[in-house]
1. What about Val66, is it aliphatic (A, V, I, L, M) and in a helix (DSSP H, G or I)?
2. Out of segment 14-25, which residues are assigned to a strand (DSSP E or B) and buried (at least 21 other Cβ atoms within 10 Å of the Cβ)?
3. So which residues in segment 26-48 are open to solvent by 60 Å² or more (accessible area, probe 1.4 Å) and touching a residue at least 24 places away in the same chain (Cβ under 8 Å)?
4. Somewhere in segment 199-213, is a residue of a type in the set (Phe, Trp, Tyr), open to solvent by less than 70 Å² (accessible area, probe 1.4 Å) and touching a Leu at 6+ places or on another chain (Cβ under 6 Å)?
5. Return the residues of segment 82-91 that are surrounded by fewer than 24 Cβ atoms within 10 Å (Cβ to Cβ), in contact with a Leu (Cβ under 6 Å, 6 or more places away or on another chain) and not β-branched (Val, Ile, Thr); say none if nothing qualifies.
6. Which of the residues belonging to segment 40-72 are under 30 Å from Gly271 (Cα atoms) and among the β-branched types (Val, Ile, Thr)?
7. Checking Ser320 against (1) more than 26 Å from Ala45 (Cα to Cα); (2) at pLDDT 95 or above, which single condition isn't satisfied?
8. Return the pair list, or none, for Cβ contacts closer than 7 Å from residues in segment 202-225 that are without any contact (Cβ under 8 Å) to a residue 40 or more places away in the chain to residues that are assigned to a helix (DSSP H, G or I) and small (Gly, Ala, Ser), at least 6 apart or on different chains.
Amino acid sequence: MKIARPHLTVLLNALAETGTTTVPVSHPSDDVGTLIEITLDAADASAVDMTLDTEAYQDVRNAVDVDHGPPAVTELPGARSYTNAFFAGGLLPPANASAIEEFVEANGHPDLSAGHQPVVAGFDTNLLAWRIADVLELVPERDGVVNGFVVVTGVRDELDWDQKRSNTGPVESAFGPEFEELWNQPAGPQREGRLGETYYRKLRDHRYADEVASEREDDSIVGAIDEYQRENRKTVLLFSNDRDFVERARAHRIRAQRVEFPDRLPGSLTGSWAQIRDTLYVLTVLFGVLELPKVTLYGVWKGKGGQDWHDEHLTCDCRSPKVEGILERDLAIIEAFEEATTD
């Protein structure tokens, strides 16, 4: 069955309801094994223990490269992307969180009634896969921290996601038959690009968002933002992981801030079920397939199309009839509620 990212808490609840409150999240291959272990406790404070922290994961990935080589190792995200999944879910803050907070407080919160220019947030290519507006809690409101988003077509065009896996045989041999589902889906690092492209569209489609045209490359993107500010009388807060990009933007008198990714995973983290949900979603897409007690989650599968990416769907193969029944019941209730509130 399909489960949208916002509804993954229903899966966590089904596991807890059937007595599974300790939830290892594992790669199907014994070569990789368990990544993390979730303890389902309070909704706002549950533990996530790292069976594989950043360094241990890199060691495992190196061993897979030696034993199986490409394409198997390319179907495992790099250590940086693995770490960034926890950043994307909100479990792990930016390395320079204090500097970002100071920047936003100094430049956000415009008083439109006093004649201040609207403030909008924009993001470089390297941040989009990691759900950056959610991480920084930049929710556009008329009287909020920011009043909207600006997205640039050059950023969208830099996202690489359309190379697809045409032969799953070597990956199945290395990791197991589950990976047959990767056929004709974005291969390896392209799934990260697809996450970024999906998030770009989410920002673009927001009711308070503007899209501006540019070519690829930093100079064109920064130039388009500069022109947008001048022509629309809006102030852009521009975020990037790239120091050079930030300096280029500042040279154009654009208010820009670097977002530093966390260097490594600690031994354990604590977060809400919502943060665990979002982390689990990103991890499942990056790895393609992950196993939990009683269920197997697929981030990609044969036939996954554009609407499934837009709706942030995973598929869930239930190995427990009891969990399957709970999921079907609760998802039906949610679907009925959502239909009633949108009519």
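The values are calculated or read from the model by the stated rules, or taken from the named source; none is laboratory data. All values reported here derive from a predicted model rather than from experimental measurement. Reconstructed Cβ throughout: ideal geometry from the backbone, glycine too, with neighbour counts over all protein chains shown. With ligands, DNA and RNA removed, areas are computed over all heavy atoms of the protein, side chains included. Shrake-Rupley method; radii C 1.70, N 1.55, O 1.52, S 1.80 Å.
1. yes
2. Taking segment 14-25 and keeping what is assigned to a strand (DSSP E or B), we get 22-25.
If the condition is that a residue be assigned to a strand (DSSP E or B) and buried (at least 21 other Cβ atoms within 10 Å of the Cβ), then Val23, Val25 are the ones that fit.
3. First, pick out the residues of segment 26-48 that are open to solvent by 60 Å² or more (accessible area, probe 1.4 Å): 30-31, 37, 41, 43-44.
The answer is Asp31, Ala43, Asp44.
4. Checking segment 199-213: at least one residue is of a type in the set (Phe, Trp, Tyr), open to solvent by less than 70 Å² (accessible area, probe 1.4 Å) and touching a Leu at 6+ places or on another chain (Cβ under 6 Å).
5. Hit for segment 82-91 is Leu91, nothing else.
6. Within segment 40-72, Val48, Thr51, Thr54, Val60 qualify.
7. Of the numbered conditions (1) more than 26 Å from Ala45 (Cα to Cα); (2) at pLDDT 95 or above, the odd one out for Ser320 is (2).
8. These pairs meet every condition: Val222/Ala249.
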